[in-house]
Structure formats: C-alpha cells, structure tokens
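Asker: What follows is a structure written as structure tokens; I'll ask about it next.
The values are calculated or read from the model by the stated rules, or taken from the named source; none is laboratory data. Owing to the predicted nature of the structure, the values given are computational and were not obtained by experimental measurement. Ideal geometry is used to build each Cβ from the backbone, glycine not excepted, and the neighbour counts take in all protein chains shown.
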Amino acid sequence: MTISLLLFYLFAGVTISAAVGVVISRNPVHAVLFLVLAFVSTSGLWVLLHAEFLAMVLIVVYVGAVMVLFLFVVMMLDMKTDPLREGFARYLPLGLLVAGIMLFQMLTLLSAKYFGVSFDPMAKTPENYSNTEEIGLLLFTKYAVPFEIASVVLLVGAVAAVVLTLRSREGVKKQDPSAQVLVNKAQRLKLVSMEASVPQSVSAPGAASEAAMDSNQGALK
C-alpha cells in the first residue's frame, strides 16, 4: 500500500465520519463543527487528486467564510431542535429511501462513462499545466450560466439568513431604518432655553489662587 492510497483512506474515513456526525449530532453548533472537519478532510482529497486550487478554495471560502457565517447564524437563531427530532424515527425509512435514490443519481452522473473521459487521478501533469486556468476557462465559457445561477442562490441564502435573525423578540433593542428616514427636522433637533449659571466649584479655584498670590507677595516683602 502506497502513501497516497493510505492518505486517501484516511481522509475518506474522516470525511465519512464527520458527515455522519453532522447528521446525528443533537447540538447545531457541534454539527457545524463536524461539517468544518468534513470540508478540511475533503480538501485533503483534492490535494491528492492534484487539484490544489480547489483545495485552497474549499478551505478559504467554505471553511473560512461560509461555515463561520453558518456558525454565527446558528448561534444567533438559538434553534430548539428537540421538537424537530421527535418524528425522526418515524421518517427514517423514507429518508433512507430518498438518500439511496440521490446516491444512485450522483454515482450515475459523476461516473467517467457518462462524461466519456478516462481520468487517472495519480497521473502526473506537465510542468506548464495550470488547473486554475482550466477551471477559469470552463467556468466563464461553458458553465457561465450555471455559475451565475449558483451565485444568485448563495446570495438568496445569505439574505434569508439575515432576515431570519431580524425576528421580533422581547427585551432586544433594534433599529427601524424606515422610521428613521421619515423623521423631520423638528423631531431631530430640539432647542431648550436654560438660564446661565456659574457653578460654585468654578469660583473656588480662582479664590484659592488669589489667596496664594497674596501670600507669596507678602513673603517676598
């Protein structure tokens, strides 16, 4: 067994274990952390497939940005998962059936026979080959429309996460931008007429300084 094959089994085992932890974890924060571990292990698999750019994107974008956003959203929503898990055993057979169908579809679509190509992940590429350039050419030429659709879907998900955090809760201070814009000048600025007064603490230092000057002059004489 070679080192590459050993690392493949190691990363694959960690990825599968972390994915199972995401599903069975009762704490949403723990589920997000398990998902981070799954992404990190998947990036290791990308490195073994000589796709270093995809591995870095998975770490920087998903682990560094998307999963941090998920973690903050989960913590701010403070979701109660106990009512959601009451019917887990009842819907488990249906969930396993749907998962099996989705797995079959993924294996069918991602097979090399479907694309009509033969790919050896362990084969060495030429020195002047750039997988980053190849990915850019495919994304912005052949797959430009699906790429834009995916970006819109991610934007909608981010906006939905922000909207979910703006639900009304008691004891929480919040701003209403629409009400702030409609405020006129009279409501923004209020002039108050007050009588001028000199505090006693202001005159006391002056008197003390005058007494100190008189005493110094007397000492000089």
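Asker: Could you list, in sequence order, all residues of the stretch 28-69 that are more than 21 Å from GLY157 (Cα to Cα) and touching a residue at least 40 places away in the same chain (Cβ under 8 Å)?
Answerer: LEU48, LEU49, HIS50, ALA51, GLU52, PHE53, LEU54, listed by residue number.
Asker: Would you mind stating whether VAL29 is part of a helix (DSSP H, G or I), β-branched (Val, Ile, Thr) and farther than 29 Å from THR132 by Cβ?
Answerer: yes
Asker: If you check VAL145 against the conditions, is it modelled with pLDDT of 80 or more and surrounded by fewer than 10 Cβ atoms within 10 Å (Cβ to Cβ)?
Answerer: Answer is yes for this residue.
Asker: Is it the case that GLN175 is farther than 30 Å from HIS50 by Cβ and either at pLDDT 80 or above or in a helix (DSSP H, G or I) (or both)?
Answerer: No: the conditions fail for GLN175.
Asker: What's the number of the condition VAL73 fails, among (1) over 15 Å from the mean Cα position of the chain (by Cα); (2) modelled with pLDDT under 75; (3) in a helix (DSSP H, G or I)?
Answerer: Of everything listed in (1) over 15 Å from the mean Cα position of the chain (by Cα); (2) modelled with pLDDT under 75; (3) in a helix (DSSP H, G or I), VAL73 misses just condition (1).
Asker: Checking VAL60 against (1) more than 26 Å from VAL163 (Cβ to Cβ); (2) of a type outside the set (Lys, Arg); (3) surrounded by 18 or more Cβ atoms within 10 Å (Cβ to Cβ), which single condition isn't satisfied?
Answerer: (3)
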